[in-house]
Amino acid sequence: MATQDEPFRTTVPGELVVDLEHLGLIETELAALGVDHSVKETHELLGLALLSGFGESEAALDGVLHELRRRFSGRFGGWFPELGKQRVADLVRPAGPKPMSEGLPEPADPVVIPTPEAGGPTVRVGVVDTPVYHHESLPEEWVTADEWGTGVPDVPRAGHGTFVTSLIRQGAPRAHVSVRGALKGLENTADAWDAAVAIVELGQRVDVLNLSFAAYTEDGEAPLVIRRAIERVPSGVLVVAAAGNHGDVIGLVRGRTSRSPSYPAAMPRVVAVGSSGLIGSTGSAVEPGSETLSEFTPKLPWVDRTTRGVAVTGAVPGGWATWSGTSFAAARVTGLVADQMATAGVSAADALELIESLVPVFEWTGEA
């Protein structure tokens, strides 16, 4: 069992996210403190600025944050501008048979996705995930990407975005899926800033937004940049996110415990999706389609819906596989919502209610 923390940083060293409206005020105070820094990036839609150059020490960064808040609070009657650490957005890693173990995809037979008739209604779905790979089930007529992967990746989790996208298309053949491949590198992580930019930009032009990744904080508060991105997605867009696969961990693993809130899933306007179905000791499904909550799903009051996320079949670079995790439960919910929108001509919110028998409301029992 995973019982102690693996080397994993939930923050990006030496970077702060601050409110763009009050950037001049913050820079003036930093100059008064003699703290060197630079403005790395600004984003008007987020209304935020990213500052860098504060050094590698997290303790020193904590000191700068504390002193800024203390000074502003003293000058302005307890008020201080919004500012916080730059966080890491981590892939919600596919679930394995042991707590926080990474389940590997198992080869599976292909799934036939019907070809929609020309001229029918379409629904726009956005996905922020790992880069999507070319696949027979993801024709470019129905799937667009800011970046396409090539070949077959060495690390199976690099196919996460491909798998998620194929699940959405299985549920909603009339969905046009736009993918932003923000989670990259060997660890398939992203600076929360990059993930937030993808969220807020993609969110302006879709009906449903699928987010199968998570950021965690030591104090349990939502990272500023993720919170701001979700707040600035238009209200008519349904945001669906994976609840995380840390419900059965012991101790602290990759910066989270079994009670840690996952962001953006734990935010009020986001539909946080857990998984039902049990994983056996070999990693295969014992009860596919069971309403039993999966061991790895967080048993926390901010989880909203559940659906099967165990041994679901989807596309991976170079073939097809079964995989397990709340990422895939979330993708299935996104697909079901998009299909109802296309067939019934209803809003995303109404579509979610229409599929309640397939995506039941999670009833928290007080367990944590």
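The values are calculated or read from the model by the stated rules, or taken from the named source; none is laboratory data. Here the structure is a predicted model, which means the values were calculated and not measured. Positions of Cβ are backbone-derived with ideal geometry, glycine not excepted, and every protein chain shown enters the neighbour counts. For accessibility, only protein heavy atoms count, side chains too; no ligands or nucleic acids. Shrake-Rupley method; radii C 1.70, N 1.55, O 1.52, S 1.80 Å.
What the table shows:
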| quantity | calculated |
| --- | --- |
| Relative packing of 198-204, 128-134, 353-359, which averages over residues the other C-beta atoms within 10 Å, highest first | 128-134, 198-204, 353-359 |
| Karplus (6.51, -1.76, 1.60) ³J(HN,Hα), θ = phi - 60°, over region 302-309, in Hz, Gly and Pro reported as x | 7, 6, 9, 9, 9, 7, 4, x |
| FRET efficiency, 1/(1 + (r/R0)^6) with R0 22 Å, evaluated for LEU45 and VAL346 via beta carbons | 0.20 |
| Computed magnitude of the charge dipole of region 114-252 (debye, nearest 20; Cβ of K, R +1, Cβ of D, E -1) | 360 |
| Calculated FRET value between HIS134 and TRP302, using beta carbons and R₀ = 45 Å, to 0.05 | 0.80 |
| VAL271 accessible area, assembled protein chains, probe 1.4 Å, Å² | 10 |
| Interchain or long-range residues, amide H under 5 Å from TYR133's placed H | GLY149, THR162 |
| Å² of accessible area per residue within the chain, as computed with a 1.4 Å probe and no ligands counted | 40 |
| Residue-by-residue Karplus 3J(HN,Hα) for region 109-119, coefficients 6.51, -1.76, 1.60, Hz, glycine and proline x | 6, x, 10, 8, 9, x, 7, x, 5, 5, x |
| Residues whose placed amide H lies under 5 Å from that of ASP207, excluding near-sequence neighbours | ARG124, VAL125, GLY126 |
| Pairwise label distance in nanometres, ARG269 with GLU21, each label 7 Å out on the Cα-Cβ vector | 1.6 |
| Chain lengthening between ASP109 and VAL361 when straightened (0.36 nm per residue, less Cα-Cα) | 87.6 nm |
| Dipole moment magnitude, nearest 20 debye, the chain about Cα centre, only Lys, Arg, Asp, Glu C-beta charged | 320 |
| Solvent exposure ordering (accessible area, 1.4 Å, most first) of TRP323, TRP364 | TRP364, TRP323 |
| Amide H partners (placed H, <5 Å) of LYS85, local residues excluded | VAL17 |
| Estimated vicinal HN-Hα couplings, Hz - region 142-159 in sequence order (Karplus 6.51, -1.76, 1.60; Gly, Pro = x) | 10, 10, 10, 8, 6, 7, 9, x, 10, x, 10, x, 6, 9, x, 5, 5, x |
| Full-extension gain in nm, SER38 to SER235, via 0.36 nm per residue minus C-alpha separation | 67.5 nm |
| Positive-pole candidate from GLN86, LEU211, LEU238, dipole of the chain, charges at beta carbon | LEU238 |
| Helical contribution to [θ] at 222 nm, DSSP H n ≥ 4, -39,500 (n - 2.57), averaged over the chain, rounded to 500 | -7500 deg cm²/dmol |
| Acute angle (nearest 10 degrees) that the helix 192-202 long axis makes with the longest principal axis of the chain, alpha-carbon atoms | 60 |
| In nm, spacing of pseudo-spin labels at VAL152 and GLU117 (7 Å Cα→C-beta vector) | 3.9 |
| Residue-span extension gain [THR28 to PHE76] - 0.36 nm each, minus C-alpha spacing | 15.8 nm |
| Heavy-atom SASA rank of ASP90, ASP248 (probe 1.4 Å, accessible area, largest first) | ASP248, ASP90 |
| Ranked order, ASP154, ASP350, ASP191 - accessible area, probe 1.4 Å, largest first | ASP154, ASP350, ASP191 |
